[in-house]
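The values are calculated or read from the model by the stated rules, or taken from the named source; none is laboratory data. Treat the numbers as computed from the prediction; the structure is a model and nothing was measured. Cβ atoms come from the backbone with ideal geometry, glycine included; neighbour counts cover every protein chain shown. Keep in mind that these areas ignore ligands, DNA and RNA; they rest on the heavy atoms of the full protein, side chains included. Shrake-Rupley method; radii C 1.70, N 1.55, O 1.52, S 1.80 Å.
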Amino acid sequence: MSIKKTGSAVWQGSLKEGKGQVSTQSGVLNDVPYSFAKRFEGEAGSNPEELIGAAHASCYSMALSMIMGEAGLTPERIATEAAVTLEQDDSGFSISKIHLTTRVRSPGADEQAFQDAANKAKEGCPVSKLFKAEITLDASLES
């Protein structure tokens, strides 16, 4: 099986003064603005790191749901946040870390079986496999 999805971006101008728009094939994002100020100076708006975080959190949640199901655990709710760290070093900017925080409601779930599933999802989610960054996880069951 092979699935291809597309995202696109248009950038106009210099790095600091320029502006861009990002879109997705589905149209969920359509000409959403991004800029240097939005990425590096805290201006409200989208940026590549938050989009990567959203992609990673959604992929991880789906992988966890699948792996929990395979382990006989039934998730009622999986809420995941991916904190993406962009750092500058001698070679330039890179995404150095992604920290996943997931809170799962799964009545009657065995804690060890859940933790095993959470870690398998962290390693096996297709988006996790993209990164050379350190990926850490804080997974907990809610009552």
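From the coordinates of this entry, mean projected area of the Cα convex hull in nm² is computed, and it appears in (i) 8.9; (ii) 10.6; (iii) 11.4 under the label (ii). Would you mind checking the tilt of helix 48-70 against the longest principal axis of the Cα atoms of the chain, expressed as 0 to 90 degrees and rounded to 10? Result, in degrees: 20. Summarising the label geometry, the points placed 7 Å from Cα in the beta-carbon direction at LYS4 and ASP116 lie 4.0 nm from one another.
For the pairs LYS19/LYS132; LYS16/LYS129; LYS5/LYS132; LYS4/LYS129; LYS97/LYS129; LYS97/LYS122, note any where the Cα-Cα span goes beyond 25 Å. Where the Cα-Cα span goes over 25 Å, the pairs concerned are LYS19/LYS132; LYS16/LYS129. Taking label positions 7 Å along the Cα-Cβ direction at both ALA44 and ALA83, the computed distance is 2.4 nm, reported to one decimal. Principal-axis analysis of the Cα atoms of the chain puts helix 111-124 at an angle of about 40° to the longest axis. Computed over the chain, the per-residue total of -39500 (n - 2.57) for DSSP H runs of n ≥ 4 gives a 222 nm mean residue ellipticity of -9500 deg cm²/dmol, rounded to 500.
Modelled this way, with points 7 Å down the Cα-to-C-beta line, the labels at ASP90 and ASP31 are 4.5 nm from one another.
What does the convex hull of the Cα atoms of the stretch 37-84 come to per residue, in Å³, rounded to a whole number?
Each residue corresponds to 65 Å³ of Cα convex hull volume.
Note on TYR60: accessible area is roughly 0 Å² with a 1.4 Å probe, heavy atoms of protein only. Tally up the carbon and sulfur contribution to the accessible surface of the stretch 52-99 as a whole percent, 1.4 Å probe, everything protein left in place. C and S fraction of accessible area: 51 percent.
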